[in-house]
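The values are calculated or read from the model by the stated rules, or taken from the named source; none is laboratory data. As the structure is a prediction and not an experimental result, all values here were calculated from the model. Cβ sites come from the backbone with ideal geometry, for glycine too, and all protein chains shown count toward neighbours. Each accessible area value is taken on the protein alone, full model and side chains, heavy atoms only, with ligands, DNA and RNA left out. Shrake-Rupley method; radii C 1.70, N 1.55, O 1.52, S 1.80 Å.
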Amino acid sequence: MKEKIDLLNGPVFSSLTRLALPIMATSLVQMAYNLTDMIWIGRISSDAVASVGAAGMYMWFANGIAVLAKMGGQVKVGHSLGAGEQAEACGYARNAIQLSLFLGLLYGVLCFAFQQPLIGFFRLNSPAVIQDAQVYLAITCGLVVFSFLNQVFTGILTAMGNSRTSFLATAVGLVINIVLDPVLIFGIGPFPKLLVAGAAIATVFAQAVVTAVFLLAVRTESEIFLNLRFFTKPQLSILKEIIRIGLPSSLQNMIFTGISMVIARIVAGFGDSAVAVQKVGSQIESISWMTSDGFAAAVNSFIAQNFGAGNEARARKGYRCSMIVVLLWGVFCTIVLIVFPAPIFRIFIPEADVLPMGISYLQILGVSQLFMCMEITTAGAFSGLGQTLPPSVVSVSLTTARIPLALILISTPLGLDGIWWSITISSIFKGIVLTAAFQKLAFRKTKR
């Protein structure tokens, strides 16, 4: 197919960038997706942003669970295709989709049933903020199954060398979300004014449309999906292998989110406005980490196929090329966040009393962007080899250190800024340690 890129032959940089650019564009579209929500929600009030920020933590946690099927499926499909085992790749794809569907439905039911205690964890101050957070959680996480399916489809297609379909599907979702957000939030035309609930409905509807686009598109992917039977009995041996590969990354993401929830609870002690700053700031900061994550997905598939084919030298060269690109991107993001924090933050929350906190967040987190890009890309390279444990160990241990470090720093004159510095310091160490670990551990005692 014309959308598929040959990752096993031809110039390394060309193959890698042709695969990576649509994935990076998809990440930028996803970032625009989130930022669009924040722009419109910020026009309601900073309290509305705080409610979405608290509930959004559980959507973030859901992404960690979704990684279980996505990562395991993507890596094993890549290995199988690289080794020329198409039937085996089809089996991994089918079981990954089935696992994703089950996990998405289960998580949705639990979030809907326990929305009150889940939001209560953050100890928000305003009853209105709490109520809006529960509504947003019930809608977005209650119907999170579409997000789960979209992620696993993206992973499988990327492993096949097709990143264009994911970009087009996500772009369609962005357009729908951009149109529906103001209509449903503020009640334009015949639609009622739904405020935070409107933003949630717009998000879920857009995700459902993306799922529909994927289902239509994969019907033309004869290599795997033509003979794929979604509703056949899952294969236990394949599920075990998918879980073995995906579990470390999934646990890493869930623990990372859990730690972020604890940090958010500490932030809430400085008021609901501080929670809003963290939510908006993290969305702005996603300009670096979501793009790097997109490039890491390309590196994952490139290394997985070449490692499966036994071409270690080409896999190594792919990693080196990718690091050059993301290092340049990290430097650019650092400059943007440190030099232009005020005009950027003001786009989302124009309230003058919140702006100084937003400026501090962006400038402090800006220091770590280069190292964050290093960490994310190297984690993708490790995963392409099937070695998901080393990045998980590094990430969990150093991310956990944020909690005691934050508690120490907030007791100093830094106050709230101490929390932001705890995040930046840990990110710097994660980037350095994981990159050094890859140089030492990669390609050693690894089997397909």
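Since Glu88 meets every condition but one in (1) farther than 23 Å from Ser301 by Cβ; (2) free of Cβ contacts under 8 Å to residues at least 40 places away in the same chain, which condition does it not meet?
(1)
Any residue at all in region 390-400 that's touching a Ser or Thr at 6+ places or on another chain (Cβ under 9 Å), at pLDDT 95 or above and surrounded by 18 or more Cβ atoms within 10 Å (Cβ to Cβ)?
No, that holds for no residue.
Among the residues of region 134-158, write down those that are surrounded by fewer than 24 Cβ atoms within 10 Å (Cβ to Cβ) and small (Gly, Ala, Ser).
Correct list: Ala138, Gly142.
Would you confirm whether any residue within region 414-422 is of a type in the set (D, E, K, R) and in a loop (DSSP other than H, G, I, E, B)? Give the derivation first.
Filtering region 414-422 for residues of a type in the set (D, E, K, R) gives 417.
Among the residues that remain, those that are also in a loop (DSSP other than H, G, I, E, B) are: none.
No: zero hits.
When you look at Leu362, is it touching a Pro at 6+ places or on another chain (Cβ under 9 Å), open to solvent by 60 Å² or more (accessible area, probe 1.4 Å) and in contact (Cβ under 8 Å) with a residue 12 or more places away in the chain, yes or no?
Details: touching a Pro at 6+ places or on another chain (Cβ under 9 Å): yes; open to solvent by 60 Å² or more (accessible area, probe 1.4 Å): no; in contact (Cβ under 8 Å) with a residue 12 or more places away in the chain: yes.
So Leu362 does not fit the description; no.
Of the conditions (1) open to solvent by 30 Å² or more (accessible area, probe 1.4 Å); (2) at pLDDT 85 or above; (3) farther than 26 Å from Ala406 by Cβ, Val326 clears all except one; give me its number.
Failing condition for Val326: (1).
Mind listing just one residue for me: the one in region 310-320 that is surrounded by fewer than 20 Cβ atoms within 10 Å (Cβ to Cβ) and not basic (Lys, Arg) and, of those, farthest from Ile156 (Cα to Cα)?
My answer is Ala313.
Could you tell me whether Ala298 is at pLDDT below 85, surrounded by fewer than 21 Cβ atoms within 10 Å (Cβ to Cβ) and not β-branched (Val, Ile, Thr)? First the steps, then the outcome.
Details: at pLDDT below 85: yes; surrounded by fewer than 21 Cβ atoms within 10 Å (Cβ to Cβ): no; not β-branched (Val, Ile, Thr): yes.
In short, no.
Hey, among the residues in region 92-146 that are assigned to a loop (DSSP other than H, G, I, E, B) and over 19 Å from the mean Cα position of the chain (by Cα), which one's modelled with the lowest pLDDT?
Across region 92-146, the extreme among qualifying residues is Asn125.
Within the set of pairs 6 or more residues apart or between chains, which connect a residue that is open to solvent by less than 20 Å² (accessible area, probe 1.4 Å) inside region 266-277 to a residue that is modelled with pLDDT of 90 or more and among the hydroxyl-bearing types (Ser, Thr, Tyr) with Cβ atoms less than 9 Å apart?
Val277/Ser360; Val277/Tyr361
With (1) closer than 30 Å to Ala48 by Cα; (2) surrounded by fewer than 17 Cβ atoms within 10 Å (Cβ to Cβ); (3) modelled with pLDDT under 85 as the list, and Ile349 as the residue in question, which single condition is left unmet?
(2)
What are the residue pairs meeting all of these: first residue in region 57-77, first residue modelled with pLDDT under 90 and crowded, with 24+ Cβ neighbours inside 10 Å, second residue polar (S, T, N, Q) and outside any helix (DSSP H, G or I), Cβ atoms under 7 Å, and 6 or more apart or on different chains?
Met71/Thr388
Against the condition of a type in the set (A, V, I, L, M), modelled with pLDDT under 95 and under 25 Å from Thr26 (Cα atoms), how does Leu168 come out, does it pass?
Yes.
For region 24-35, state whether one or more residues are buried (at least 19 other Cβ atoms within 10 Å of the Cβ), modelled with pLDDT under 85 and of a type in the set (Val, Ile, Thr).
yes
Pick from region 404-422 the residues that are open to solvent by less than 40 Å² (accessible area, probe 1.4 Å) and touching a helix residue (DSSP H, G or I) at 6+ places or on another chain (Cβ under 8 Å): which of them is nearest to Ser288 (Cα to Cα)?
Across region 404-422, the extreme among qualifying residues is Trp420.
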